[in-house]
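Undergrad: Could you have a look at this structure, given as structure tokens, before my questions?
The values are calculated or read from the model by the stated rules, or taken from the named source; none is laboratory data. For clarity, every value in this text was computed on a predicted model and none was experimentally measured. Neighbour counts run over all protein chains shown; Cβ positions are idealised from the backbone, glycine included.
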Amino acid sequence: MDNLKAEISVVAARLVVEEGLDYGSAKRRAVRQLGLPVRSALPDNDLIEDAVLQHISLFCADSQAVELIALRRLALLWMERLAAFSPHLGGAVWHGSATRLSDIYIQLFCDDSKSAEILLIGQGVDYNARSVTGLHGDIVETLSVHAFCEDLHEDIGVHLLINDYDDLRGAMRPDAKGRRPRGDLAAVRQLVHDQRT
């Protein structure tokens with residue numbers, strides 16, 4: 001890794017942890033803050049994640065553990081609520097690099113893409129629908145809600161990405177670091193249990 005990418009990673013990691021930016025936005029802002037050309041080569045997300053974990057260990061190790069368990073508990077509540085759609089938790093909350101400014105990303109797998117939306121309407125949940133890039137680079141519908149986290153005493157963004165049921169098989173392929181990219185309800189329950197003990 002060259003020095004510029006390392007420098008971008010460090011600045012981007014600070015923006016992710018302290019301002020809650022997503023990796024892409026943090027990289028672009030880091031380039032601007034460092035006064036680098038707009039088309040500078042950017043570090044990949046694995047480098048950013050490593051820098052985020054290092055930033056957390058240096059500056060907020062005590063508070064981050066408490067925040068992470070709170071986010072995982074909130075994710076578990078939503079996963080239980082949406083159990084009919086084979087929910088899988090991903091992102092920073094799954095991998096352990098989340099802070100109170102991180103959003104929760106849950107992949108849902110449905111035969112009918114509107115069924116999750118109908119469930120939320122039936123439960124009186126307000127949401128915003130939009131389209132994002134999904135698991136395999138396809139555009140998927142995402143339902144975003146603001147969920148109050150009692151442990152943190154604030155609203156957290158919960159994003160429900162709606163996938164075809166058939167996509168579930170490919171959803172568990174290991175990532176570039178050989179890790180499970182997301183976890184199902186049982187795996188998240190185990191994480192929450194292990195973090196309590």
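Undergrad: Quick one: would you say residue 16 is buried (at least 22 other Cβ atoms within 10 Å of the Cβ) and either modelled with pLDDT of 95 or more or closer than 24 Å to residue 144 by Cα (or both)?
TA: Values: buried (at least 22 other Cβ atoms within 10 Å of the Cβ): yes; either modelled with pLDDT of 95 or more or closer than 24 Å to residue 144 by Cα (or both): yes.
The answer is yes for residue 16.
Undergrad: I'd like to know if the stretch 114-129 contains one or more residues that are under 24 Å from residue 179 (Cα atoms) and in contact with a helix residue (DSSP H, G or I) (Cβ under 9 Å, 6 or more places away or on another chain).
TA: If we filter the stretch 114-129 for residues that are under 24 Å from residue 179 (Cα atoms), which is where we start, we get none.
Checked against the condition, which is being under 24 Å from residue 179 (Cα atoms) and in contact with a helix residue (DSSP H, G or I) (Cβ under 9 Å, 6 or more places away or on another chain), the stretch 114-129 yields no hits at all.
Undergrad: Turning to a different aspect of this structure: Considering each residue of the stretch 170-197, count those that are of a type in the set (D, E, K, R), more than 26 Å from residue 126 (Cβ to Cβ) and assigned to a strand (DSSP E or B), and give that number.
TA: 0
Undergrad: Applying the selection to the stretch 101-116, what residues are modelled with pLDDT under 95 and among the charged types (D, E, K, R)?
TA: 111, 112, 114
Undergrad: Just checking, does the stretch 153-169 include any residue being modelled with pLDDT under 90, surrounded by 15 or more Cβ atoms within 10 Å (Cβ to Cβ), in the same structural domain as residue 71 (by TED's automatic domain parsing) and part of a strand (DSSP E or B)?
TA: Pass one, the stretch 153-169, residues modelled with pLDDT under 90: 164-169.
With the extra rule that they be surrounded by 15 or more Cβ atoms within 10 Å (Cβ to Cβ), the set shrinks to 164, 167-168.
Narrowing further to those that are in the same structural domain as residue 71 (by TED's automatic domain parsing): 164, 167-168.
The next check asks that each one be part of a strand (DSSP E or B); those that pass are 164.
So far as the stretch 153-169 goes, yes, one or more of its residues are modelled with pLDDT under 90, surrounded by 15 or more Cβ atoms within 10 Å (Cβ to Cβ), in the same structural domain as residue 71 (by TED's automatic domain parsing) and part of a strand (DSSP E or B).
Undergrad: Of these, 48, 69, which one is assigned by TED's automatic domain parsing to the domain that holds residue 167, in contact with a Lys or Arg (Cβ under 9 Å, 6 or more places away or on another chain) and among the β-branched types (Val, Ile, Thr)?
TA: Numbers: 48 fails: assigned by TED's automatic domain parsing to the domain that holds residue 167.
Going through 48, 69 in turn, the sole match is 69.
Undergrad: Inspect the stretch 105-126 for any residue being surrounded by fewer than 17 Cβ atoms within 10 Å (Cβ to Cβ), in contact with a strand residue (DSSP E or B) (Cβ under 6 Å, 6 or more places away or on another chain) and of a type outside the set (A, V, I, L, M, F, W, C) and give the result as yes or no.
TA: yes
Undergrad: Select from the stretch 127-146 the residues that are part of a strand (DSSP E or B), among the aliphatic types (A, V, I, L, M) and buried (at least 17 other Cβ atoms within 10 Å of the Cβ) and list them in ascending order.
TA: If the condition is that a residue be part of a strand (DSSP E or B), among the aliphatic types (A, V, I, L, M) and buried (at least 17 other Cβ atoms within 10 Å of the Cβ), then 140, 143, 145 are the ones that fit.
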